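Report on the following structure.
The values are calculated or read from the model by the stated rules, or taken from the named source; none is laboratory data. Since the structure is predicted, the reported quantities are computational estimates derived from the model, not experimental observations. For neighbour counting, all protein chains shown are included, and Cβ atoms are generated from backbone atoms with ideal geometry for every residue, glycine included. Protein only, heavy atoms only, side chains kept; ligands, DNA and RNA dropped before computing areas. Shrake-Rupley method; radii C 1.70, N 1.55, O 1.52, S 1.80 Å.
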Amino acid sequence: MEEIYTNFLVIGGGVAGLRGAIELAPYGEVIIITKDIPTEGSTEYAQGGIAVALSDEDEVGIHFHDTIKAGDGLCKEDAVKVLVEEGPARILELIEWGAEFDREGSRLAFTLEAAHSRRRVLHAHGDSTGKELERVLINKVKTFPSVKRFPFCTAVDLIMMDNRCVGAYILRDSQVFAIYAQVTILATGGAGQLFSRTTNPPVATGDGIALAYRRGAVLEDMEFIQFHPTVLYAPSAPQFLLSEAMRGEGALLKNIHNERFMQGYHPDAELAPRDIVSRAIISEMVKTHSHHVYLDLTHLRSDFLKARFPRIYSTCLQYDVDITNDLIPISPAAHYIMGGVKTDLDGKTNIEGLYAAGEVACTGVHGANRLASNSLLEGLVYGYRAGVTAIKHKEKNNVKKDKKDSKPLQIKYSHIGFQRIEEIRTSLRRLMWERVGIIRCIDSLSIAKEALSEWQDVENSNFNTRRGVELKNMLTLAHIITETALKREESIGAHYRSDFPSRTGSSARHSIIIKKISGMEVSWNQEKLR
Ligand code: FAD
Ligand code: SIN
């Protein structure tokens, strides 16, 4: 098997991975691997913007309180403090590196999104904020000759020695090779592809969480999935996000009878927290026997809409929807996972040599529900922190010396064919959407658990194709999410149980998931919320 040695291995090329790599680059050789082309990931598609307390009317303390309130009692306060306090420095640095955020005259322009009590969301090229971040970070990475980028490489397993992580096995063109590294940073993003309706790109199959879990990493709060309320629902159109910033600029939600409904559900109406808006939409869809509701911007000036949301305007137009004239059919879709690999404030996991940052990680910053536009900021702040701390770890993990003891990967690959993999993937995504989605209950979750157990042999198999590896990871995560959703017998944040519609005493506790020889163990973290 081919072997490569490096100081730092970064798995993932979104905001978190790139920001971490920039910190590492002056201290050794860095390899960044991405499953697809370098820019493919959620970061590239982020629309609304990046939240930061930089406007004259805002304060770090107010951003802190809004984040805590959105997290519905489950945010870790020290993690939120780091996010909001270090956020401004990370953004100013990005501007120094060439990020062009939209401005009003010479001043930065801030927009409003749900559950923010101030206009604090910076955006770029109207609705292409993530693309701008990715552009600037990639350009910065390219200035370091010590950084190598390997596209179309899928991490399939972590390499472990004496319970330490010393790199990863990588699949490229159906061949597996090993990258040994003194430090490995997981930055593989989210898992929206587990659900048949999602805003997430195809690479978002939760790989990093599954890989880490199998090798003994502690996971946290995996039941908390955020569903975005407004995603295009038009025949043959992709599940394209219609940014919350549109409601921030005045867009209204209407049912198929052209009636506004959000005032009946929450005093903040269209700008209520995402979980409330998503459930209200489902409720209206049920009442009106429809598969969608509408987003209405027709009362807003057409030239304003075209300038403010150019990417959304042109994308919708391709599917015969003119956002300046037509009601836009929308329904919710899976968008973000609040849980992930448990880390401390420096991105450290419980496995020596393994760090995690961005959507794959659970710092506790988002609690039970993420405040809009806080995740790009999290990727910057915690990607940076993981990088800074990983440098110090480098000398401790002498991979070359240890290599003598390593055992080469000996695995048998599954004969499950391409067609069967695709069939299971489709059924799994439907199952998760229908039974483990926006509204859950013991019956739906038990049906999901039962169905998942029938694919146990597939989950236990090994694959030498990207789609096979992804399916294995998706099945592992589906199990974990279903199990934790079953265990949390209450409704809190984005986790809604129709059979337990209010919160209970366990609401201030985090779910902790560990792989044991006997199987998955879910327990409650008694650690006090800091
Ligand atoms: P990603 O950007 O998703 O990058 C993941 C990387 O990991 C990719 O390079 C991928 O190829 C790689 N990867 C995955 N698995 C493997 C593997 N097995 N081997 C090798 N590489 C792998 N947040 C905001 O704050 N503001 C917004 O406006 C906003 N809008 C959004 C709009 C959309 C449509 C979506 C989907 C999300 C949005 N979010 C937004 C959320 C935010 O974009 C993401 O949470 C964030 O970008 C995640 O960054 P990341 O670096 O953790 O992962
Ligand atoms: C959006 O633009 O609505 C997405 C913002 C986010 O998910 O933070």
Problem - Peptide ranges 8-16, 421-429, 257-265 listed from the most packed, as the mean C-beta count within 10 angstrom indicates - result: 8-16, 421-429, 257-265
Practice task
Express as a percent, rounded to the nearest 5, the fraction of DSSP beta bridges in the chain (both residues included) that run antiparallel.
Solution key: 65
Handout entry: Length released on extending from residue 59 to residue 254, taking residue separation times 0.36 nm less the Cα-Cα span
Key = 66.8 nm
Problem - Model label zone, residue 144; criterion: amide N under 14 Å from point 7 Å along Cα-to-beta-carbon; scope the stretch 70-103 - result: none
Completion exercise
Length-normalised contact order of the chain, Cα under 8 Å, at least 6 apart, in percent, tallies to 22
Practice task
Grab the alpha carbons of the stretch 78-138, take their convex hull, and tell me the volume per residue in Å³.
Solution key: 106
Handout entry: residue 152 accessible area, assembled protein chains, probe 1.4 Å, Å²
Key = 110
Handout entry: Projected-area mean, the chain, by convex hull of Cα positions, square nanometres
Key = 23.2
Exercise for the section: Please list 477-483, 342-348 highest first by mean number of surrounding beta-carbon atoms within 10 Å per residue. Expected result: 477-483, 342-348
Practice task
For the stretch 375-391, take each phi angle, set θ = phi - 60°, evaluate the Karplus expression 6.51 cos²θ - 1.76 cosθ + 1.60, and give the result in whole Hz per residue in order, putting x for glycine and proline.
Solution key: 7, 4, 5, 4, x, 5, 5, 7, x, 4, 5, 4, x, 4, 6, 4, 4
Fill in the blank from the handout: Contour minus Cα-Cα span, residue 37 to residue 516, at 0.36 nm per residue, comes to 168.9 nm
Exercise for the section: Specify which residue in the list 304, 347, 416 is farthest towards the positive end of the charge dipole of the stretch 295-424, using unit charges on the beta carbon of Lys, Arg (+1) and Asp, Glu (-1), about the Cα centre. Expected result: 347
Exercise for the section: Within 10 Å, count the other beta carbons around each residue, average over each peptide in 43-53, 463-473, and list them highest first. Expected result: 43-53, 463-473
Handout entry: Restraint check, 131/449; 342/487; 472/515; 81/516; 35/342; 254/449, Cα-Cα greater than 27 Å
Key = 131/449; 81/516; 254/449
Completion exercise
Simple SL model, points at 7 angstrom along Cα→Cβ for residue 237 and residue 85; separation in nm is 4.4
Handout entry: Antiparallel bridge percentage (DSSP; both residues within the stretch 438-530; nearest 5)
Key = 90
